[in-house]
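Colleague: Have a look at this one.
Since every read-out is calculated from the coordinates, none of them should be taken as a lab result. Just so you know, these numbers come straight off a predicted model, no measurement behind them. In this analysis, Cβ positions are derived from the backbone assuming ideal geometry, glycine residues included, and neighbour counts consider all displayed protein chains.
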């Protein structure tokens, strides 16, 4: 049985997930400390406010250990648009198809909520090229690029995938 085949998925957020998400995001080496803190804060907000937080999660587990997760939510004042806020796989488990499967399961969960489009933003920096390639391989296309959004020379790249 492959690692992908032995994965289980859960939507319920548990108190221990705050630390788990912090560890996963930090392990990637892509994010600053303040970004890692935001990822963990979204889990804490979901625990505090429940679905009223607007943050939905999907955790990919193997043997009770979380290997990756996604965080998404409906965009306010739209009909069926969802943001994919975070998707990350622990660095020790990257390159094994877990991220793709997690994204497919997230897309299915969004479709089940009558989602029609998924919006994703990422950095235009060179180190994010694998991330941008991942989205393109998964059927997303670049919809917009906001020059110098994050910092001088660091564009915000927005991808979208139409579900219906």
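Colleague: If we count other beta carbons within 10 Å of each Cβ, what is the order of 98, 110, 158, fewest first?
Modeller: 158, 98, 110
Colleague: Give the whole-number value, in cubic angstrom per residue, of the convex hull volume spanned by the C-alpha atoms of the chain.
Modeller: It comes to 118 Å³ per residue, whole-number rounded.
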